[in-house]
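The values are calculated or read from the model by the stated rules, or taken from the named source; none is laboratory data. Quick caveat, the model's predicted, so the values are computed rather than measured. We place every Cβ from the backbone using ideal geometry, glycine too, and count neighbours over all the protein chains shown.
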Amino acid sequence: MNFDVLFRIKIFTLQRETLHAQTGLAMAAPTSSVLSELYIEYLEHTSIIDPLIKCRITGYSTYVDDIPLIYKPTCTNINEYLHELNDQCPQV
């Protein structure tokens with residue numbers, strides 16, 4: 001099997017404009033959802049936990065491609081959390 005195909009098909013449409021993703025998994029490939037889930041699981045156990053604790057996020061979950069957060073705006077600066085997360089995982 002040629003695994004290169006998993007990373008080649010990266011053309012998508014956003015707001016009626018056709019775009020080409022430079023990195024990541026191929027969209028609509030049968031294995032993309034499985035590989036994405038494995039990667040998110042890996043990030044949850046390595047990179048994501050520190051920013052959650054540092055920025056006092058009280059609740060975190062994943063559902064399909066959504067990541068809901070629970071936090072108190074008086075205790076958590078959400079922009080700081082997003083900055084911390086982007087520093088940990090710039091490719092996501």
Residues in region 36-77 that are on the phi > 0 side of the Ramachandran plot and within 18 Å of the chain's Cα centre (by Cα) total 1
Test Tyr81 against the stated conditions and say whether it is of a type in the set (Ser, Thr, Tyr), within 20 Å of Leu25 (Cβ to Cβ) and either at pLDDT below 90 or outside any helix (DSSP H, G or I) (or both).
-> no
Those residues of region 68-81 which are surrounded by fewer than 13 Cβ atoms within 10 Å (Cβ to Cβ) and out of contact with any strand residue (DSSP E or B) (no Cβ under 7 Å at 6 or more places or on another chain) amount to Pro68, Lys72, Pro73, Thr74, Cys75, Ile78, Asn79
